[in-house]
Amino acid sequence: MVGRLVLPGEYLGTEEEFIAGTGTYEEDGRVYSSNVGDVEVGSDYRIRVKGKEESVVVQPGDEIIGVITEINEPLVIVAGEYLIKTGKVYVIKTRALVHASRITGHYLDQCSKVLKARDVVRGKVVSTRGKIDLTLEPPDEGVLYAFCSKCRKPLQRINSGLYCTYCQKNETRKVSNKYGEISEGLIKNADRQQRK
Ligand SMILES: [Zn+2]
């Protein structure tokens, strides 16, 4: 645990084990990270998550994980929250765009057929000239986590599609191979966005 990189919302331990310090919060007797950073535990059992201070430049080939805030055909607007660069995760706050031509690899007349606002997506940076453009075409890129458009509960991946077990309804998305492989932290953040 100590020295490990954690993301916001990640479970760190119980209140019996640790005292919640800087960069953490306590909820129902459990301590969670509220930061992106490395875990430190003091001799007083105070647990802290120290943020990464490196400033990081977004470059083509990096990957961004974020939440779709808006679909303004033919563009999808993503609030980028994490940057993956050579296997390391950094917290960022950036806006990125996905064009309809860079989603499925096929002609797509409407982004909203395969993406919805509030989906969590992973995209690869193709250009950073003036704005950040992402592609969702590679198998690892696309929707990482999505909610049912009717009941708002998380969708389960079944083969290449998504399914709501409550409504017994299929939904179509450009799903990433890594669907569901997402830190608890990101899910919690996405949930928070849901409730707003
Ligand atoms: Zn549903």
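Derivation of every value follows stated rules applied to the coordinates shown; laboratory data play no part. From a predicted model like this one, the values you see are computed outputs, not experimental measurements. Glycine also receives a Cβ, built like all others from the backbone with ideal geometry; neighbour counts cover every protein chain displayed.
Looking only at Lys150, Lys93, Lys116, which one moves most when the chain is put into a Gaussian network model with springs between Cα atoms under 10 Å?
Lys150
Using only the alpha-carbon atoms of the range 63-195 as identical scatterers, what base-10 log of I(q)/I(0) does the Debye formula give at q = 0.14 Å⁻¹?
-0.56
Past 32 Å, Cα to Cα, is the threshold; run Lys93/Lys150; Lys131/Lys169; Lys124/Lys169; Lys50/Lys113; Lys93/Lys169; Lys50/Lys169 against it and keep the listed order.
The pairs that break the limit, which is 32 Å between Cα atoms, are Lys131/Lys169; Lys50/Lys113; Lys93/Lys169; Lys50/Lys169.
Could you line up Asp109, Asp38 from fewest to most neighbouring Cβ atoms inside 10 Å?
Ordered from fewest to most neighbouring Cβ atoms within 10 Å, Asp109, Asp38 come out as Asp109, Asp38.
In terms of modelled amide H atoms, which long-range or inter-chain residues lie less than 5 Å from the amide H of Arg46?
It is Ile19, by chain and number.
Could you give the length gained on full extension between Val57 and Val2, defined as 0.36 nm per residue of separation minus the Cα-Cα distance, in nm? Before the final figure, lay out each step's value.
On the way: separation 55, 0.36 × 55 = 19.80 nm, distance 2.70 nm.
Taking 0.36 nm per residue and subtracting the Cα distance, the gain is 17.1 nm.
How much FRET efficiency would the formula 1/(1 + (r/R0)^6) give for Lys178 and Glu16, where r is the Cβ-Cβ distance and R0 is 25 Å, rounded to 0.05?
Once the sixth-power term is evaluated, E becomes 0.15.
What ³J(HN,Hα) values, in whole Hz, does the Karplus curve 6.51 cos²θ - 1.76 cosθ + 1.60 give for the range 104-114 when θ = phi - 60°, with x put for Gly and Pro?
With coefficients 6.51, -1.76 and 1.60, one gets 10, x, 10, 5, 9, 7, 9, 4, 5, 6, 10 Hz.
Mind putting a number on the dipole of the range 29-137 about its Cα centre? Charges go on the C-beta only, +1 for Lys and Arg and -1 for Asp and Glu, and I need it in Debye to the nearest 20.
The calculated dipole for the range 29-137 is roughly 120 debye.
Full extension from Gln168 to Gln110: what is 0.36 nm times the residue separation minus their Cα-Cα distance, to one decimal in nm?
18.4 nm
Between the helical axis of 184-195 and the dominant principal axis of the chain, each derived from Cα atoms, what acute angle in degrees is found, rounded to the nearest 10?
Its long axis makes an angle of about 70 degrees.
Once the other residues with Cβ under 10 Å from the Cβ of Glu141 are scored (Lys, Arg +1; Asp, Glu -1), what is the net sum?
So the surrounding residues net to +2.
Rank Arg173, Arg122, Arg46 by mean-square fluctuation in a GNM of the chain with C-alpha springs under 10 angstrom and give only the top-ranked residue.
Greatest mean-square fluctuation among the candidates belongs to Arg46.
Give, in nm to one decimal, the length gained when the segment between Glu26 and Glu73 is fully stretched (0.36 nm per residue of separation minus the Cα-Cα distance).
12.8 nm
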